[in-house]
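Since the structure comes first, as structure tokens, the remarks are kept for the end.
The values are calculated or read from the model by the stated rules, or taken from the named source; none is laboratory data. Just so it is clear, the model here is predicted, and its values are computed rather than measured. Counting neighbours? That spans all protein chains shown, and the Cβs are built from the backbone with ideal geometry, glycine included.
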């Protein structure tokens, strides 16, 4: 599933940054690792315009929006992004839109995962390392490598609501000999590796790529795991099974395989709707085994923990498996574990 064994870790959606507003100066401050960064220079003034046509014309001639930077950028007013952490971390402000929330008016897990992916790519964009690929650096492209996720751990303490302004911080760090992890502060953690784009096999990290990305490493983690939880493999005797799932064109990403967010959707849709109406996802751990292509037929399996769910004070847990259906045997795509809390309130 990877080209060079690089592990990215998505940091937890923890919102550990603090923000203060000074009514006199009308400046916002974000504290990262105890260092306060003023964001006043980061404010955006919208240019005056008289028609939609004039806006489109302005965007067509604005080559900066379409050209990948070849040098490090410190501020991106279009994406509301800012380089922090001594010049190697990334901070971005986003707003939860109406189409990104569910019936309870809170952002869906898919929305949060999409935001993590987007801010990670924006970070690489501003670093000046981005080549002509899906987050791949110049060295990776020369070695025909792409990124793929091997492990993901997301913890959600509170879901943002429609219209809420969310601040996301992300950074990268080393993970083993051939890995790189990426963390976010919103409470999530992903581990990525590299895959050869032609052979579709995992690859070691070339020294060229290591030299390229190691100056951006930060030695801290959003989620600390002493020993990663082992996820058992389910069989077709599990309580809930959803078969004959087929990827759509819109499910494919720029690396020509099914996007990671789609896997999560397939898993969660196997859980009974009556349970989802009364519970909210608190944590998800995924272990990726192989990629899924456009012609594959997928089966989603899940099993609730037998000793969970009886107590109102304890979260309910499920074990998940996605696999590709084959003529002789099925092949694993990803194993998963989800933890759920009872919803405190339900909006009508």
Does residue 331 qualify as being in contact with a strand residue (DSSP E or B) (Cβ under 9 Å, 6 or more places away or on another chain), outside the structural domain of residue 196 (by TED's automatic domain parsing) and either surrounded by fewer than 19 Cβ atoms within 10 Å (Cβ to Cβ) or modelled with pLDDT of 95 or more (or both)?
yes
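In the range 295-306, what count of residues is obtained for those that are part of a loop (DSSP other than H, G, I, E, B) and modelled with pLDDT of 90 or more?
3
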Under the condition of being assigned to a loop (DSSP other than H, G, I, E, B) and out of contact with any helix residue (DSSP H, G or I) (no Cβ under 8 Å at 6 or more places or on another chain), which residue from the range 265-294 is farthest from residue 237 (Cα to Cα)?
293
Taking the condition in a strand (DSSP E or B), in the same structural domain as residue 128 (by TED's automatic domain parsing), at pLDDT 70 or above and in contact with a helix residue (DSSP H, G or I) (Cβ under 9 Å, 6 or more places away or on another chain), does residue 210 pass?
no
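A quick yes/no check of all residues on (1) outside any helix (DSSP H, G or I); (2) touching a residue at least 40 places away in the same chain (Cβ under 8 Å); (3) not assigned by TED's automatic domain parsing to the domain that holds residue 202:
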| residue | (1), (2), (3) |
| --- | --- |
| 90 | yes, yes, no |
| 104 | yes, yes, no |
| 110 | no, yes, no |
| 113 | no, yes, no |
| 117 | no, yes, no |
| 121 | no, no, no |
| 124 | no, no, no |
| 135 | yes, no, no |
| 141 | no, no, no |
Assess whether residue 122 counts as being at pLDDT below 80 and surrounded by fewer than 23 Cβ atoms within 10 Å (Cβ to Cβ).
no
Filter the range 127-166 down to residues that are closer than 23 Å to residue 74 by Cβ and surrounded by 21 or more Cβ atoms within 10 Å (Cβ to Cβ) and give me whichever is modelled with the lowest pLDDT.
135
Report the residue count in the range 184-201 for those that are farther than 18 Å from residue 259 by Cβ, at pLDDT 60 or above and either assigned to a loop (DSSP other than H, G, I, E, B) or touching a strand residue (DSSP E or B) at 6+ places or on another chain (Cβ under 6 Å) (or both).
5
